[in-house]
1. Using a 10 Å cut-off around each Cβ, can you sort I188, I135, I60 from fewest to most neighbouring Cβ atoms?
2. Specify the angular offset, from 0 to 90 degrees and rounded to the nearest 10, of the alpha carbon long axis of helix 26-36 from the longest principal axis of the alpha carbons in the chain.
3. Ordered by packing density, taken as the mean number of other Cβ atoms within 10 Å over each peptide's residues, highest first, how do 202-209, 255-262 rank?
4. Using square roots of five times the C-alpha gyration tensor eigenvalues, list the equivalent-ellipsoid semi-axes of the chain in whole Å, biggest first.
5. Grab the Cα-Cα distance for S61 and I33, subtract it from 0.36 nm times how many residues apart they are, and report the gain in nm with one decimal.
6. Please give the FRET efficiency for I120 paired with S220, using the beta carbon to beta carbon distance and R0 = 30 Å, rounded to the nearest 0.05.
7. Quick check on the chain: helices-only [θ] at 222 nm, where DSSP H runs of length 4 and up contribute -39,500 (n - 2.57) each and the sum goes over total residues. Nearest 500, please.
8. Angle check, please: helix 40-54 long axis (alpha carbons) against the longest principal axis of the chain (alpha carbons), in degrees 0 to 90, nearest 10.
Amino acid sequence: MEPKVAVASSPSAAAPHVEVQRFTDFAGFEAFIQRNHHLWSHQVQQALRLIALNGILDPISGTALPASALQLKGSNYRETLEVHGCLARHRALWLLMQELISSGELPAVAELDLYCPEAITPFAQLLRQRFPRVIGSEYLPDPSDPQREHFSHQDLCALTLGDACVDLVLCNELFEHLYDLPAALSEIARILRPGGHLVATFPFAYNRYDTIVKARHRPSAAPGVAAEAELLEEAEYHGDPVHPKQGRIVYQIPGWELLDQALHAGLATPTIHWVAAPSYGILGQEIPAVMVLVAGRA
């Protein structure tokens with residue numbers, strides 16, 4: 001399938017530059033890599049120059065921000081180009097969410113029922129400020145965890161939410177930590193209303209079809225407990241805002257196989273969106289974009 005492209009010229013805060021390409025399979029993206037890989041390093045550096053010169057238009061607040069308002073904490077710009085606690089990948093997700101609302105594919109903000117499996121982060125706080133009907137949660141598998149006094153516990157692989165109860169599910173960097181990713185995708189499909197959407201970012205093995213499996217859940221083990229996981233290689237942990245000293249174990253890095261898993265789970269037209277938007281402070285490290293999964297519910 002030929003990817004669709006949307007580009008605004010003369011990038012600036014007044015006329016933002018946005019390139020969105022949509023891929024529904026690995027073969028289409030492989031062809032894209034072959035045509036464009038040699039340009040990516042230059043495009044990343046060009047994006048950084050544009051940001052340093054013009055600042056960005058923040059898609060979350062809708063305000064123009066000078067470069068001095070941004071914090072750059074490392075060379076992985078997807079994770080380190082920060083403003084008001086939000087990163088490049090947050091801004092890409094927000095931009096696509098706004099597009100779905102503006103196009104009428106999702107209800108208006110005041111009527112949108114939204115579930116996000118995070119509650120403590122700056123992103124979750126922004127959701128609560130801007131959307132009146134937000135369900136937030138954290139993964140707190142230990143019933144004695146004192147954090148349960150402050151945050152609702154949900155296991156995305158076995159949600160307690162009702163069928164067809166939300167219009168939108170937003171997931172930030174969560175899929176790699178799930179002990180049963182196919183089950184979580186099925187749960188997301190179950191709680192979405194017809195016409196609803198999943199929008200998600202995650203560490204993506206974008207140059208391969210199959211998932212990189214780093215650890216497996218033992219059937220008799222407590223779900224999501226790192227000490228009880230079957231390690232296939234050295235354990236890898238990513239940050240956990242609820243338990244920052246502990247971190248969360250990485251079970252897998254999804255590849256393009258994720259699209260087939262989403263289809264099998266009952267989600268419709270799963271698509272990887274390549275979002276390159278320096279005017280919005282959206283770029284990666286080795287690629288000039290952030291890649292986001294968008295899938296519907298028939």
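Taken together, the values in this text are just the output of simple stated rules run on the coordinates, not laboratory data. What you are looking at is a predicted structure, and each value in this text was computed from that prediction instead of being measured. Positions of Cβ are backbone-derived with ideal geometry, glycine not excepted, and every protein chain shown enters the neighbour counts.
1. By the 10 Å Cβ count, ascending: I135, I60, I188.
2. Taking the Cα atoms of the chain, the angle to 26-36 is about 30 degrees.
3. 255-262, 202-209
4. 29, 22, 20
5. 6.8 nm
6. According to the calculation, E is roughly 0.50.
7. So the calculated ellipticity at 222 nm is -7500 deg cm²/dmol.
8. With rounding to tens, the tilt is 70 degrees.
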